[in-house]
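The numbers here are math on the coordinates, done by the rules we state, and not lab data. What you see is a predicted model, and the numbers here were worked out from it, not measured in a lab. All Cβ positions, even for glycine, are placed from backbone atoms using ideal geometry, and neighbour counts span all protein chains on display.
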Amino acid sequence: MSSFEIIPGDAQSTVILHVPHSSTFIPADVRAGIVLTDEELAAELAAITDAHTDIIAAGAADQAGVRPWSFVNRTSRLVIDPERFPDEREELNAVGMGAVYEKTTRQTTLRTPTTEERADLIERFFNPYSEGIAALVRERLAAVGKVTIIDVHSFPVNHSAYELHKTDARPELCIGTDIFHTPATLLELTREAMRPATPTGDIENDQPFKGCYVPLDQYGSNAAVQAVMLEIRRDVVSSNMGGLQTATATLIDAIENSDRTT
Ligand SMILES: [Zn+2]
């Protein structure tokens with residue numbers, strides 16, 4: 001069984017929805033390496049999981065004029081976090097929360113893997129995931145020449161102990177950008193489309209979470225791969241799921257329209 005799922009979109013679609021953090025599934029042998037009690041694990045999953053972001057993406061895909069492709073992680077980020085660098089480039093290694101978490105959001109011990117156990121998780125889960133989304137991006141580039149990845153996340157109202165940028169704003173919506181892969185037009189389309197789904201239009205760029213996901217074989221080199229991250233504050237997710245689905249569909253339509261007219 002694959003740890004992720006690709007839900008096909010329309011042949012002419014230029015958009016990929018990426019949902020890395022919505023699952024709570026942990027295979028039994030991976031669970032065995034986590035030192036938390038079942039009760040503690042349930043609390044950690046509640047804190048770390050971007051709950052319902054898969055439902056936002058699925059609703060948006062259904063409503064969009066041209067169905068986007070979707071790449072959805074079907075295992076918990078406690079197995080591996082596909083959005084971290086698997087090596088020393090990752091700044092969250094400093095707090096035990098790199099690709100293979102060793103600490104919880106409260107900075108207590110999650111697991112203490114041996115070098116072999118860590119390598120096994122990277123080989124079984126991280127590498128196939130990275131290669132899977134990189135292959136999908138290459139296939140879409142070959143089919144339509146241009147791809148925009150919309151990365152769909154949520155974040156808690158109050159900061160967690162592990163966060164590195166605790167004094168940052170915690171707006172209703174944080175739009176994560178990349179200097180190379182997020183052109184100003186994409187940022188503007190994102191703000192415009194998503195604003196109606198926020199209670200007061202409280203939107204910031206790259207606060208409290210920065211950047212957006214681009215496969216490493218395209219990163220910093222191929223401008224035909226564009227990307228943006230939606231980090232939605234969790235009180236907004238729970239109070240306005242329908243509005244977020246509609247707004248994300250509006251964003252998908254706006255990207256498709258701009259790709260057809262340029
Ligand atoms: Zn996330």
Qualifying position, being over 25 Å from residue 3 (Cα atoms), in contact (Cβ under 8 Å) with a residue 12 or more places away in the chain and surrounded by fewer than 13 Cβ atoms within 10 Å (Cβ to Cβ), among 184, 94: 94
Yes or no: residue 164 within 16 Å of the ligand (Cβ to nearest atom), surrounded by fewer than 19 Cβ atoms within 10 Å (Cβ to Cβ) and not in a helix (DSSP H, G or I)? yes
Going through region 128-161 in order, the residues found to be β-branched (Val, Ile, Thr), more than 16 Å from the ligand (Cβ to nearest atom) and not in a helix (DSSP H, G or I) are 147, 148
Out of (1) out of contact with any Phe, Trp or Tyr (no Cβ under 7 Å at 6 or more places or on another chain); (2) more than 23 Å from residue 127 (Cα to Cα), the odd one out for residue 33 is which? (2)
Hey, among 112, 75, which residue is more than 22 Å from residue 233 (Cβ to Cβ), in a loop (DSSP other than H, G, I, E, B), touching a Pro at 6+ places or on another chain (Cβ under 8 Å) and among the polar types (S, T, N, Q)? 75
For residues that are without any contact (Cβ under 8 Å) to a residue 60 or more places away in the chain and crowded, with 19+ Cβ neighbours inside 10 Å, scanning just region 63-85, find the one that is farthest from the ligand (Cβ to nearest atom). 67
Those residues of region 194-229 that are within 16 Å of the ligand (Cβ to nearest atom), assigned to a loop (DSSP other than H, G, I, E, B) and within 22 Å of residue 259 (Cβ to Cβ) come to a total of 3
Can you pull out the residues in region 99-123 that are more than 24 Å from residue 155 (Cβ to Cβ) and either exposed (fewer than 13 other Cβ atoms within 10 Å of the Cβ) or out of contact with any helix residue (DSSP H, G or I) (no Cβ under 9 Å at 6 or more places or on another chain) (or both)? 112, 114, 115, 116, 117, 118, 119, 120, 122, 123
Residues within region 141-154 that are surrounded by fewer than 21 Cβ atoms within 10 Å (Cβ to Cβ) and touching a residue at least 12 places away in the same chain (Cβ under 8 Å), tallied: 5
Inter-residue pairs, beta-carbon under 7 Å, first aromatic (Phe, Trp, Tyr) and in region 17-32, second more than 10 Å from the ligand (Cβ to nearest atom), 6+ apart: 25/74; 25/75; 25/76
Would you mention how many residues in region 167-176 are crowded, with 16+ Cβ neighbours inside 10 Å, in contact with a strand residue (DSSP E or B) (Cβ under 6 Å, 6 or more places away or on another chain) and part of a loop (DSSP other than H, G, I, E, B)? 2
Output for region 10-44, where each listed residue is away from the ligand (no atom under 16 Å from the Cβ), among the small types (Gly, Ala, Ser) and buried (at least 20 other Cβ atoms within 10 Å of the Cβ): 13
